[in-house]
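Asker: Right, I'll just put the structure down here and ask away after.
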Amino acid sequence: QYSLIRDVVSSLKRHRMHEQQFTHHPLLVLSNFGLQQIQVKLMASMFQNMFPSINVHRVNLNSIKRCLLITYDTETQLLHFRHYSVKVVPVGVSKGLKKLLQEKFPNMSRLEDISELL
């Protein structure tokens, strides 16, 4: 079973799809591939070799725009693919400062000074 991209996009309220998402490879997450069966090990190795490995100490978190989750169901022996879009947003800052950090310029017409925004 699968879903077409046009069906997924039409079901979303706000879809986020832009070309910069596909300039870097996705972060690959494998779930339930720790079994000792040879076919499961072979599948895990195949998926790991489809994408370049990521050095967790050197990776720029802003360059990761997608996450690919592959889950192996041991009972049904099926694979479940999920492809996520990742967005980095600042947390723990005021609403005005968050807009500035995301390069969205807020309406400052009712403010007298930038300090009121921050």
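The values are calculated or read from the model by the stated rules, or taken from the named source; none is laboratory data. Quick caveat, the model's predicted, so the values are computed rather than measured. Cβ atoms come from the backbone with ideal geometry, glycine included; neighbour counts cover every protein chain shown. All accessible areas refer to the heavy atoms of the entire protein, side chains included, with ligands and DNA or RNA removed. Shrake-Rupley method; radii C 1.70, N 1.55, O 1.52, S 1.80 Å.
Asker: Residue-wise, which Karplus ³J(HN,Hα) couplings in Hz belong to the range 22-30, taking 6.51 cos²θ - 1.76 cosθ + 1.60, θ = phi - 60°, and x for glycine or proline?
Answerer: Once θ is set to phi - 60°, the couplings for the range 22-30 become 9, 7, 10, 6, x, 7, 9, 10, 9 Hz.
Asker: Kindly report, to the nearest 10 Å², the accessible surface of residue 70 as traced by a 1.4 Å probe over protein heavy atoms only.
Answerer: In the full protein context, residue 70 sits at about 0 Å².
Asker: Whole-Hz ³J(HN,Hα) for each residue in the range 4-10, computed from phi via Karplus 6.51 cos²θ - 1.76 cosθ + 1.60 with θ = phi - 60°, x for glycine and proline: what do you get?
Answerer: 6, 4, 5, 5, 5, 5, 5
Asker: Which percent of the accessible area of the chain is formed by carbon and sulfur heavy atoms (probe 1.4 angstrom)?
Answerer: 54 percent
Asker: If you split all Cα-Cα distances of the chain into 5 Å bins from zero, what percentages do you get per bin, shortest first?
Answerer: All Cα pairs, binned at 5 Å, distribute as 2, 8, 13, 15, 15, 13, 12, 8, 5, 4, 3, 2, 1, 0 percent.
Asker: What's the tally of Lys pairs in the chain whose alpha-carbon atoms lie under 22 angstrom apart, where the two lysines are 8 or more places apart or on different chains?
Answerer: Final tally of qualifying lysine pairs is 13.
Asker: Here is a follow-up. Excluding ligands and nucleic acids, what accessible area in Å² is computed for residue 79 using a 1.4 Å probe, to the nearest 10?
Answerer: For residue 79, solvent-accessible area is about 60 Å².
Asker: Determine the relative contact order of the chain: mean sequence separation of Cα pairs under 8 Å and six or more apart, normalised by residue count, in whole percent.
Answerer: Numbers: 106 pairs, mean separation 24.6, N = 118.
Over the chain, the number comes to 21 percent.
Asker: Using protein chains only and a probe of 1.4 angstrom, how many square angstrom of residue 25 are accessible, to the nearest 10?
Answerer: 70 Å²
Asker: Report the longest stretch of the chain that contains none of the trypsin sites (Lys or Arg not before Pro) sitting in a DSSP loop with at most 12 other Cβ atoms within 10 Å.
Answerer: 17-57
Asker: As I understand it, the value is the acute angle between the Cα axis of helix 38-50 and the longest principal axis of the Cα atoms of the chain; what does it come to in degrees, rounded to 10?
Answerer: 40 degrees
Asker: While we're here: How large is the accessible surface per residue of the range 1-75, computed with a 1.4 Å probe and reported in Å² as a whole number?
Answerer: About 84 Å² of surface per residue is accessible.
Asker: What are the ³J(HN,Hα) values, in whole Hz, obtained from phi via the Karplus relation 6.51 cos²θ - 1.76 cosθ + 1.60 with θ = phi - 60°, for each residue of the range 65-82 in sequence order, with x given for Gly and Pro?
Answerer: Residue by residue, the range 65-82 yields 10, 9, 9, 10, 9, 10, 10, 9, 8, 6, 6, 8, 6, 10, 9, 10, 9, 10 Hz.
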